Amino acid sequence: MAFKSIKYKLGSKGYHRQATSFFDSSYNYLRQNQAVFHLDGSAPYPNGSGNQPHPVVVANTNFNLVDDVLYKDNQNQLQPLFNGQFTTIQNQSTTTTPMTAVATTSQTVRQTAQNKKFGIIKKQNQNVLSLNEKLAKRLYSTTITTSTLLDGKLIIDDSKIPINETEPTPSENDFPWEKDTELSLNKNTFLNTHINEITKCYQNGDLNKINSLYHSLKRNNVIPPMGIYEVVLNSIAERKLDENDLDNKMFEMLTCYQDILSNKMKPSAIVYNILLNSLFKSSILAIQSRNRNGSDFFKIAIELFKTVTTTSNIQLDRDVISHTLLAVNLYPGYISINELITFLNSSPFVTKNIFYYVSLINYSRLSGNNPLIKELFQDFQMGLQTEENSKTNILHEDRVKVEASVISGLVETGDLEMASSLLNTLINQIRDTNGLSSDISLLLSSFLISMSKIDPSKAYQMWMTFHQQQWIPEFSYEFYLQQMVNSFQDWNITKTIYDYIFPMDRSFNTKREQLEDYILYPMNMDLVLNSLMDYALQLNDTEIIMKLIEESKIKSFTFEASLYPLIFKYLKEGINYPEEYILQFIEAHGKLFDPSTTVALNFMNSITDAFSSQTLLRKIAEMPFFIENLRDLTFEIPPSYSGKRDEFQNRFRGVMKIIENIWITPKTIESYPNILEIYAILLTKLFNAELIPILPHAPSFLNNFVNDSITHFNKLIKNYMVFNLDPSVLPTIVPEVVKLVETYDAEEGDPTIDSYFINPQSRDSTGALNLGGALRNSFKAGLKEYKKYLDMGHTFSYDTYKTLIANRYLDKEIIIRSFETVPDFEETKKLANLIVKQCNLKQIDELIIPHPLFKDKILPLLNPISLLKLAKYTASVKEFISVINFPHNFKSISSQVEFHETIAFLYKKLFVDLKDYSTIIEYNEVCPIVDLEILLLSCIRSGTYEQFEVFFNKYKNSPELKGKVSTIEAKYLINLQEIDSAIKLLETNECSSERSIDLMTFALFLKSFTEDVRSDNASKKVMTTLQLANLLSSQNSFAHLLSVYEVVINGKPANSHHFLTDPSANVIILDQMLNNLHDALQFIDCHDTIAREMLSNKMKIFFRFKALLKLPQFKMQDMEMLIHIWSVTKPHEIVCLFNNIFETIRLNPALRRINLSNDLMFDYTPTGLETVLNHIETSFEDTKDEEGLRKMEKLKVFIKKN
């Protein structure tokens, strides 16, 4: 809607001019773009005037409205307005006689209108009487007239009206009042009747009806007196009907004003006051409501204001003057400050109050008139002095508002020195008089905001200085937003200000008690963050963008619709955030939009334009805001589809794409109620009275969408019935739409569907109970119901069992019943994997694997993730291997590819934990091992050297063994006791990898049992604690051990001892040395006396080294290895250890420490002691030490008693 400035001249009867630029352009444009089908002459649509028909243009379609009202109220005596009398207009060419005693001032009219009740006009039921009977009872003739269009006016010739002589004459008893014998319209009677009705409506406060009555006069070419125009204008201005639709209100008022001019009548002072007050006021409200036509309202008003004030003696009342002063400050530049002051000086209704000075000083600031600001401030100070003398308090009460305006004006007009001086003076006065902190805040904020317009950096530095002063109060949130707007040219300052206000509450001053508050405090500051987001997106500032997104989610505010495509593009391409985060953002903003507005549709369009992920769009469909948007959606189908197809598709493309995506994405049973509700709501929108008749002629895309929606809905409800899901959990709209679809398409009717959805009580009560919905709503309550009905012997639906499993409630019976009731094979696969996914680790061995259905029903349907979970967390890998029939069930190539992770895990378990090397080789014949190293090492450790050689020669050039061949071959040689060959191989290949050095140092350790080894070269390559432990273990004297240790510690190569910086390095070295001594039992000849003595010597060196490092503690695992080593080398040491334990416990049972040689010790727990004693007892049994066994028995009895 476009409003243009009204331009005409008053003078020499200029008010008779019918053609003006405004009404030829803006007004006629409005008329031509209003819809023409509307039954209510006044009531606007809730979404504003943009999509609603306008009453002015539809005058010839609702001509029965007023007559019906009058016919209903014919027995009520009508009283003229304010007991005044109207002068009847005889013809249109003469000016009406002014009405007497009709609202002598506009204030009286408005004051009276404020006390009226809200009324609604309802049309009478016209189905009772025939057409002729209704026409006979009219107050005026409504028969067809002969008309001619002349100069844009409809001229009616009553002499050519045909008379129907055959029409029956009604009896007098049929008339509610005196019989109408007029052959044509009696304009005087008609006018008087309407005047009386308008009077009654005005007195009763039924302002909404008055405009319809006026249009009734207008349609019949009856011109009312000026007093009626005044009442009509005032009723439009004051009525509640379109108080939220400024466009409609202003259009109605301007139309009425145009009628006055068209009828060559001179508008009265009341008309001008009402019209100007409404136009200026609406231009102000338009800023608050963000109506783009506010500037048009103001342009019309200011043009009319100039005409009235310069060409006539009409006086404007105080309300008009106040709204004029405020409007010119909000829309500056259309009138000069001198013209404004000239008018104010000539008006008797001007009061020099706070608003007067604030508005003029602010307009002077906007005009850059520094001398006038000083002059007005001087005049204000004189007024203050006058108040002090007269002891009044009009100006003094809020004087700080004027002073703040003066400071702002001085700063922005370049007089910074005077502004600073005045600010200091006023601040000191306030502090000396213990003034309000709000006054200080207003003065400082006005100064800083004006300063930020000139120099943002300097204003920011000043704010920092003020902020450090404790006596200065915190500024408002809107102040910082205004500072940020003025600082956009300096992005660093903008970011700093935003960082400061980020944790602040979003608080806006929406209550403006005084008119000057509209000038002093910035409006629409909530839009600033939109500009900030726009700037941040242009600058690609991730920090600000993400902070704004997070703030919008936390503080619940939205952005402009045009920003969402850019935000979504940034989230998708700029940062590539996960879908979960994007969904959180969409849900947080989606629920904030009014579902009935087009903004909500644009928001969904932005989503589908940016994202094509089926998963994301499906999750959006499950969000509550999408359902709400769908409920308030209206498919507006234009009467003509020509050129409208793209417009229709573009508007609803987001909704349509999300709904289409629902169908193509996989659906779960849990999602059926949500999906059915969405389709049900959609079909109620498509099956409306306006759409169905035109569907056969609609474009194919719309027909396809409707037919597809019906087809999909039918399939969904049939699936729901097949699953035997509970129809009582569905929203009530679903069964209603089931019946609606059957009515639309009779061929799709199915009695079983009616019985299932529409009449669920007719279902067989002995059937399976569906408690899925109850369990999902409240699992605790639903589980209680499940147990109750289970005890009563009821069976349950698949949905019930699946919901129990999904909530980790499993037992043997639930698993059996769920497989018995599962509807199809695809759902069976999901069920099997759901069971494994939801079971806890304890249930794997107690419930899942031993279950009778595991081998036949569950195992064949498990996916790789589920099978791997069972393999990882079963307590017995050997038993699991037997149950799943590994490797025979995995010998096919497809199974080996699909379950490669599980296969690799089982082989690793056999190799590392079970050390079942021969089984690995056996299984390899059926299901090949992917890890060739495990295969080759298994051959070595199982002693199948011939097979090792075959595999080694076959796979040694394989890429999987790259870099490992030498170490594997060396291990093979070590197992053959060919230590020298292994060392030579490792040295020849110059293996420098960590594993190679590990093996080299271990080979040197084994060689040290037959001869002394030199470790000079090896010590330079040491990189790990294991390698150092191997070298230390290979030394046959304590001195050599210390020498190697010092070489490694003090070695020059940077990488030779970096691992020793770890505080626990020495502990690890000692553990690995003991492991080496224990593992040596596998490689030395334990029957050889020299070898046993060598091992015993190494043990002594180890004990001394352990004492040297001041780590005397032995762990329980250490004691087990010591006992094993002593059982081979020195069984007598075990006897000594036992005697030590026996004596210690007998002397002090509470002591938890056993002292060993070399100041070493073993701190034990009861469990650990029991384990050690068991190992000692085993050694006594092996050596047949009867004495030791008897003493062991006594010790155990003693321990048990104590």
### Task
Please work out which one of (1) modelled with pLDDT of 90 or more; (2) surrounded by fewer than 15 Cβ atoms within 10 Å (Cβ to Cβ); (3) charged (D, E, K, R) is the condition ARG1146 fails and give its number.
(1)
### Message
Here are the criteria: (1) in contact (Cβ under 8 Å) with a residue 60 or more places away in the chain; (2) over 27 Å from ILE361 (Cβ atoms). Tell me which single one ASN524 does not satisfy.
### Response
(2)
## Note on the structure
Those residues of segment 239-259 that are surrounded by fewer than 20 Cβ atoms within 10 Å (Cβ to Cβ) and touching a helix residue (DSSP H, G or I) at 6+ places or on another chain (Cβ under 6 Å) come to a total of 1
### Query
Do you know which of the residues in segment 776-820 that are more than 24 Å from GLU846 (Cβ to Cβ) and among the aliphatic types (A, V, I, L, M) is surrounded by the fewest Cβ atoms within 10 Å (Cβ to Cβ)?
MET792
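For (1) among the hydrophobic types (A, V, I, L, M, F, W, C); (2) at positive phi; (3) modelled with pLDDT of 80 or more, each residue gets a yes or a no:
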position: SER613; (1), (2), (3): no, no, yes
position: ASP646; (1), (2), (3): no, no, no
position: ILE675; (1), (2), (3): yes, no, yes
position: ILE678; (1), (2), (3): yes, no, yes
position: LEU695; (1), (2), (3): yes, no, no
### Query
Just for segment 1029-1059: of the residues that are more than 18 Å from ALA1107 (Cα to Cα) and not in a loop (DSSP other than H, G, I, E, B), which one is modelled with the lowest pLDDT?
HIS1058
### Task
Could you tell me whether segment 1155-1166 includes any residue that is more than 30 Å from THR1010 (Cβ to Cβ), among the aromatic types (Phe, Trp, Tyr) and out of contact with any strand residue (DSSP E or B) (no Cβ under 8 Å at 6 or more places or on another chain)?
no
## Note on the structure
Taking first residues from segment 1073-1093 that are farther than 21 Å from LEU1031 by Cβ and second residues anywhere that are among the aliphatic types (A, V, I, L, M) and part of a helix (DSSP H, G or I), the pairs with Cβ under 8 Å that are 6 or more apart or on different chains are ASP1085/ALA1091; CYS1086/VAL1128; ARG1092/VAL1128
### Query
Listed residues LEU1147, LEU1156, LEU1189, LEU1151; which is farther than 21 Å from ARG1092 by Cα and in contact with a Phe, Trp or Tyr (Cβ under 6 Å, 6 or more places away or on another chain)?
LEU1189
### Task
State the number of residues belonging to segment 762-800 that are in a loop (DSSP other than H, G, I, E, B) and either at pLDDT below 75 or aromatic (Phe, Trp, Tyr) (or both).
5
### Query
What helices (runs of 4 or more DSSP H) completely inside segment 377-479 contain at least 1 residues that are outside the structural domain of MET523 (by TED's automatic domain parsing) and without any contact (Cβ under 8 Å) to a residue 40 or more places away in the chain?
416-432, 437-454, 456-467
### Summary
Restricting segment 562-603 to residues that are part of a helix (DSSP H, G or I) and of a type in the set (S, T, N, Q), the one surrounded by the fewest Cβ atoms within 10 Å (Cβ to Cβ) turns out to be SER562
### Task
Determine which member of the set SER347, SER322, SER336 is surrounded by fewer than 19 Cβ atoms within 10 Å (Cβ to Cβ), under 20 Å from SER278 (Cα atoms) and either small (Gly, Ala, Ser) or at pLDDT below 90 (or both).
SER347
### Task
Kindly establish whether GLN977 is outside any helix (DSSP H, G or I) and surrounded by 12 or more Cβ atoms within 10 Å (Cβ to Cβ).
yes
#### Entry: Elements of type helices (runs of 4 or more DSSP H) contained in segment 882-960, each with 1 or more residues being without any contact (Cβ under 8 Å) to a residue 12 or more places away in the chain
893-898, 900-912, 917-924, 945-955
### Task
Output the residues belonging to segment 518-532 that are within 26 Å of VAL400 (Cβ to Cβ) and among the aliphatic types (A, V, I, L, M).
ILE519, LEU520, MET523, MET525, VAL528
### Query
Within segment 859-879, which residues are β-branched (Val, Ile, Thr), in a loop (DSSP other than H, G, I, E, B) and under 41 Å from the mean Cα position of the chain (by Cα)?
none
### Task
Select from segment 1005-1029 the residues that are hydrophobic (A, V, I, L, M, F, W, C), closer than 17 Å to ALA982 by Cα and touching a Leu at 6+ places or on another chain (Cβ under 7 Å) and write down the one among them that is surrounded by the most Cβ atoms within 10 Å (Cβ to Cβ).
ALA1018
### Summary
Residue pairs within 6 Å by beta carbon, gap of at least six or interchain, first lying in segment 270-283 and among the aromatic types (Phe, Trp, Tyr), second buried (at least 24 other Cβ atoms within 10 Å of the Cβ), listed first then second, are PHE280/ALA301; PHE280/THR324; PHE280/ALA327
### Message
Just checking, does segment 741-753 include any residue being within 21 Å of PHE635 (Cβ to Cβ), at pLDDT 75 or above, assigned by TED's automatic domain parsing to the domain that holds MET656 and crowded, with 18+ Cβ neighbours inside 10 Å?
### Response
yes
### Query
Considering only residues of segment 352-369 that are touching a helix residue (DSSP H, G or I) at 6+ places or on another chain (Cβ under 7 Å) and among the polar types (S, T, N, Q), which is nearest to ASN313 (Cα to Cα)?
SER359
### Task
Determine which single condition THR615 fails, assuming it passes every other condition in (1) under 15 Å from the mean Cα position of the chain (by Cα); (2) surrounded by fewer than 17 Cβ atoms within 10 Å (Cβ to Cβ).
(1)
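The values are calculated or read from the model by the stated rules, or taken from the named source; none is laboratory data. In this text the structure is predicted, and so the values were computed from the model without any measurement. Backbone-built Cβ (ideal geometry, glycine too); neighbour counts: all protein chains shown.
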